[in-house]
Amino acid sequence: MPVKLVLSFFFRFLWWLTFVAIAVVVLALVYREWIVREIAEKKISEATGMDAEIGEVSFSVLQPKLTLENLKLYNNANFGGTLFADAPEAHVEFDRAALKRHQLHITLLRLNVSELDVVKNGNATNIFAIAQTLAPVKAGGGGREFAPLSGCAFNGIDVLNVSLGAIKFIDLKHPSHNRTLAVAIQNKIIENVKTPADLDALGSELWDKGAYLMGLPVHKVAPKAGIIKANPQ
């Protein structure tokens, strides 16, 4: 093949390859939110074992933060594929340097959950199944610990902001037992969350609101020893 023909073919190929690369970059920029949404839905499903739907995704290339709007999680087939959680907003800000070290250090997590469903199928409930996936019991006992997510070790949440509207109890075997509880928790702030025990304050508030009657595994936290509350005058 003549050298001139070879060079002509090479430059045509190089131009085609460059055009494809430019097209991919442009499409990634134009449809970046759709791409992130698809990836996020897949990763959430892999981590939780539940199907996920996300309405909209917003994120910043320059700032380490991500917002998911209208996030819905669905139980697996063992619990009828019913809704587990409906969250109008899930906003997360994270430590980019920690992520490069394969550590998930969240500086702010804001969750606004309008509905949380506890589903019972026979003697099993979806809550315990999910807990076993996300926070399995430690080997040899001693409580639970958060499982690694996507190869990243959980390294804590500096500030957790939780809002919860209502809890529903759904009994697949006995629908007459179904009921709804309005808990109306708004912007509950919890700092330095590293283990499930750090959520005791939230669990205690949910207990006070009657969440244990809905099958939610919460408990009342006793005041710490040595702390005496003054009687109001």
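The values are calculated or read from the model by the stated rules, or taken from the named source; none is laboratory data. Keep in mind it's a predicted model, so treat the numbers as computed, not measured. Methodologically, a virtual Cβ is constructed for each residue, glycine included, from the backbone with ideal geometry; neighbour enumeration extends over all protein chains shown.
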Of the residues in region 49-64 that are assigned to a strand (DSSP E or B) and in contact with a Ser or Thr (Cβ under 9 Å, 6 or more places away or on another chain), the one that is nearest to residue 35 (Cα to Cα) is 57
Residue within region 81-90 that is in the same structural domain as residue 42 (by TED's automatic domain parsing) and touching a residue at least 60 places away in the same chain (Cβ under 8 Å) present: yes
Please indicate, with yes or no, whether at least one residue in region 83-96 is surrounded by fewer than 16 Cβ atoms within 10 Å (Cβ to Cβ), modelled with pLDDT of 90 or more and of a type in the set (A, V, I, L, M). no
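Would you please name the residue that is nearest to the chain's Cα centre (by Cα), looking only at residues in region 54-113 that are of a type in the set (A, V, I, L, M, F, W, C) and more than 27 Å from residue 185 (Cα to Cα)?
Among those that are of a type in the set (A, V, I, L, M, F, W, C) and more than 27 Å from residue 185 (Cα to Cα), it is 99.
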From 68, 164, which residue is assigned by TED's automatic domain parsing to the domain that holds residue 36, closer than 23 Å to residue 42 by Cβ, modelled with pLDDT of 85 or more and aliphatic (A, V, I, L, M)? 68
Residue check, residue 184 assigned by TED's automatic domain parsing to the domain that holds residue 159, in a helix (DSSP H, G or I) and at pLDDT 85 or above: no
One residue is enough: does region 33-44 have a residue meeting the conditions at pLDDT below 80, among the β-branched types (Val, Ile, Thr), in a helix (DSSP H, G or I) and exposed (fewer than 10 other Cβ atoms within 10 Å of the Cβ)? no
Could you list all residues from region 187-213 that are within 30 Å of residue 97 (Cα to Cα) and either polar (S, T, N, Q) or outside the structural domain of residue 119 (by TED's automatic domain parsing) (or both)? 187, 192, 195
In region 114-134, residues that are of a type in the set (Ser, Thr, Tyr) and either over 22 Å from residue 190 (Cβ atoms) or modelled with pLDDT of 90 or more (or both) total 2
Before we move on, is residue 149 touching a strand residue (DSSP E or B) at 6+ places or on another chain (Cβ under 7 Å) and either at pLDDT 90 or above or outside the structural domain of residue 79 (by TED's automatic domain parsing) (or both)? no
Flagged pairs (Cβ under 8 angstrom, 6 or more apart or on separate chains; first in region 123-138, assigned by TED's automatic domain parsing to the domain that holds residue 194 and under 22 Å from residue 156 (Cα atoms); second modelled with pLDDT of 70 or more and of a type in the set (Ser, Thr, Tyr)) are 130/48; 133/48; 134/48
